[in-house]
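Step one of this worksheet: look at the structure below.
The values are calculated or read from the model by the stated rules, or taken from the named source; none is laboratory data. Keep in mind the model is a prediction, meaning the values are calculated, not measured. For neighbour counting, all protein chains shown are included, and Cβ atoms are generated from backbone atoms with ideal geometry for every residue, glycine included. When the accessible area is computed, the model is the full protein with side chains, heavy atoms only, and any ligands, DNA or RNA have been set aside. Shrake-Rupley method; radii C 1.70, N 1.55, O 1.52, S 1.80 Å.
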Amino acid sequence: MTFKAEYIWIDGTEPTAKLRSKTKIMAGSAAALDELPIWGFDGSSTNQAVGHASDRVLKPVFSCPDPIRSPENGDVLVMCEVLNIDMTPHESNTRALLRPVAEQFAGQEPIFGIEQEYTFFDGDRPLGFPVGGFPAAQGGYYCGVGSDEIFGREIVEKHLDHCLTAGLAISGINAEVMPGQWEFQVGPVPPLDVADQLWIARWLLYRTAEDFNVSATLDPKPVKGDWNGAGAHTNFSTKAMREGYDAIITACESLGEGSKPMDHVKHYGAGIDDRLTGLHETAPWNEYSYGVSDRGASVRIPWQVEQDKKGYIEDRRPNANVDPYVVTRLVVDTCCTALEKADQL
Ligand code: ADP
Ligand code: MN
Ligand code: MN
Ligand code: MN
């Protein structure tokens with residue numbers, strides 16, 4: 001008996017890293033994460049090494065059933081960290097930076113739900129855009145229904161099923177404001193889980209669309225002009241925020257303190273100034289604001305949260321192409337440090 005393990009990792013492409021993967025045939029019928037061996041790859045082909053010292057190490061850190069091959073056979077998807085051959089984290093390994101921060105603040109029980117927006121492309125056009133032109137202006141597409149408004153639903157449904165079969169904490173999907181643009185949400189779960197699962201869900205998105213000869217992109221502004229960009233709204237709470245409003249305000253304030261707005265925004269995905277223009281339901285990238293129900297603020301307190309006087313906040317700034325290991329690290333570090341200082345635990 002054998003099974004297939006698809007080892008997935010994040011490469012060193014600048015400014016936005018890409019996913020890579022390759023298959024390992026394993027003896028036996030299944031394996032738990034700690035039975036999956038480390039493996040290697042050619043880092044000189046992924047911007048992670050030079051040719052004369054090219055070996056890099058893949059260390060399995062999360063695995064789930066592979067919904068595309070045969071989950072019944074024990075086939076698995078394996079998210080990996082990239083290490084150097086001395087087993088230290090490679091400089092492209094942002095997960096290694098999240099680990100100690102997640103551990104330091106685990107007592108506050110931080111959880112995240114990330115809304116992943118993306119756009120399907122058919123060749124060089126967004127799916128649903130006519131050759132050499134533009135479709136009817138935005139307005140009717142968001143959460144729409146019907147073949148004049150919806151492009152790619154069969155891919156979206158397939159991807160959703162794949163995420164569920166894989167056991168990911170996917171919590172919903174919807175059609176977005178621009179034709180061919182969609183969203184799925186992962187969470188709410190703790191920082192490392194949301195980030196590992198979002199990367200796997202992204203891999204499944206590309207892989208699922210591949211079978212339809214369609215590509216999916218996380219480009220934050222796939223069509224210039226009067227068309228919505230694509231973001232990765234990051235919803236966040238700690239135990240104290242889920243129990244009371246003072247902690248909600250402390251978290252919102254902490255994200256606006258001193259150099260924090262810039263410290264965050266510059267790591268919220270390449271091309272953020274193209275998307276956060278102040279138009280199309282965004283706040284300007286260089287001005288921090290928060291508000292109840294305000295989709296033009298950097299950080300939104302949902303209406304229901306203000307009603308209940310507890311819940312979570314939504315950082316609306318991250319781009320679709322943000323690294324979830326980075327955004328969760330920054331938000332936990334900033335908000336949990338402030339909550340600790342304010343003794344709101
Ligand atoms: P929007 O109205 O902004 O489109 P969505 O329904 O797309 O909202 O996404 C909301 C996200 O918030 C979901 O991923 C959900 O899991 C997450 N969420 C809900 N409650 C919490 C919470 N207490 N802490 C963190 N995230 C949460
Ligand atoms: Mn949403
Ligand atoms: Mn959305
Ligand atoms: Mn949102």
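The rows are residues; the columns are (1) closer than 25 Å to R20 by Cβ; (2) touching a His at 6+ places or on another chain (Cβ under 9 Å); (3) part of a helix (DSSP H, G or I).
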site: R202; (1), (2), (3): yes, no, yes
site: R207; (1), (2), (3): yes, yes, yes
site: W227; (1), (2), (3): no, yes, no
site: I249; (1), (2), (3): no, no, yes
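Given the condition more than 24 Å from V332 (Cα to Cα), more than 21 Å from the chain's Cα centre (by Cα) and either at pLDDT 95 or above or not assigned by TED's automatic domain parsing to the domain that holds A320 (or both), answer yes or no: does some residue in region 4-19 qualify?
yes
Does region 31-41 contain at least one residue that is of a type in the set (D, E, K, R) and either open to solvent by less than 10 Å² (accessible area, probe 1.4 Å) or closer than 30 Å to A338 by Cβ (or both)?
No: zero hits.
Among D294, D219, which is the only one that is farther than 29 Å from T13 by Cα, touching a strand residue (DSSP E or B) at 6+ places or on another chain (Cβ under 8 Å), open to solvent by 20 Å² or more (accessible area, probe 1.4 Å) and in a loop (DSSP other than H, G, I, E, B)?
Step by step, each of D294, D219 is checked, and only D294 is farther than 29 Å from T13 by Cα, touching a strand residue (DSSP E or B) at 6+ places or on another chain (Cβ under 8 Å), open to solvent by 20 Å² or more (accessible area, probe 1.4 Å) and in a loop (DSSP other than H, G, I, E, B).
Quick grid of which residues meet (1) in contact with a Ser or Thr (Cβ under 9 Å, 6 or more places away or on another chain); (2) within 16 Å of ligand 2 (Cβ to nearest atom); (3) outside the structural domain of K22 (by TED's automatic domain parsing):
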| residue | (1), (2), (3) |
| --- | --- |
| G144 | no, yes, yes |
| I150 | no, no, yes |
| E157 | no, no, yes |
| L164 | no, no, yes |
| F184 | yes, yes, yes |
| L198 | no, yes, yes |
| R202 | no, no, yes |
| G231 | yes, yes, yes |
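Scan region 302-344 for residues that are among the small types (G, A, S), open to solvent by 10 Å² or more (accessible area, probe 1.4 Å) and not in a helix (DSSP H, G or I) and report the count.
Within region 302-344, the subset among the small types (G, A, S) is 311, 320, 338, 342.
Okay, now just the ones that are also open to solvent by 10 Å² or more (accessible area, probe 1.4 Å), so 311, 338, 342.
Then drop every residue that is not not in a helix (DSSP H, G or I), which leaves 311, 342.
Here the count works out to 2.
Report, ordered by the first and then the second residue, all pairs with beta carbons closer than 7 Å, sequence separation of six or more or different chains, a first member in region 289-308 that is in the same structural domain as Y245 (by TED's automatic domain parsing), and a second member that is assigned to a helix (DSSP H, G or I) and open to solvent by 60 Å² or more (accessible area, probe 1.4 Å).
Cβ pairs passing all conditions: V292/W303; V292/E306; S293/W303.
Counting only residues that are away from ligand 2 (no atom under 14 Å from the Cβ) and under 22 Å from the mean Cα position of the chain (by Cα), how many does region 233-252 have?
Number satisfying all stated conditions: 5.
Look at D75 and say whether it is surrounded by fewer than 17 Cβ atoms within 10 Å (Cβ to Cβ) and not aromatic (F, W, Y).
no
Could you look through region 161-215, keep only residues that are more than 23 Å from L97 (Cα to Cα) and among the polar types (S, T, N, Q), and pick out the one that is farthest from ligand 4 (Cβ to nearest atom)?
If we take residues in region 161-215 being more than 23 Å from L97 (Cα to Cα) and among the polar types (S, T, N, Q), then N213 is farthest from ligand 4 (Cβ to nearest atom).
Any idea which of G152, G123, G140 is open to solvent by less than 40 Å² (accessible area, probe 1.4 Å) and modelled with pLDDT under 95?
G140
Kindly check whether there is at least one residue in region 267-282 that is in a strand (DSSP E or B) and not acidic (D, E).
no
Residues checked against (1) within 16 Å of ligand 4 (Cβ to nearest atom); (2) assigned to a loop (DSSP other than H, G, I, E, B); (3) over 30 Å from L339 (Cα atoms); (4) among the basic types (K, R):
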| site | (1), (2), (3), (4) |
| --- | --- |
| V82 | no, no, yes, no |
| A102 | no, no, no, no |
| G107 | no, no, no, no |
| I114 | yes, no, no, no |
| E117 | yes, no, no, no |
| G133 | no, yes, yes, no |
| A136 | no, yes, yes, no |
| Y141 | no, yes, yes, no |
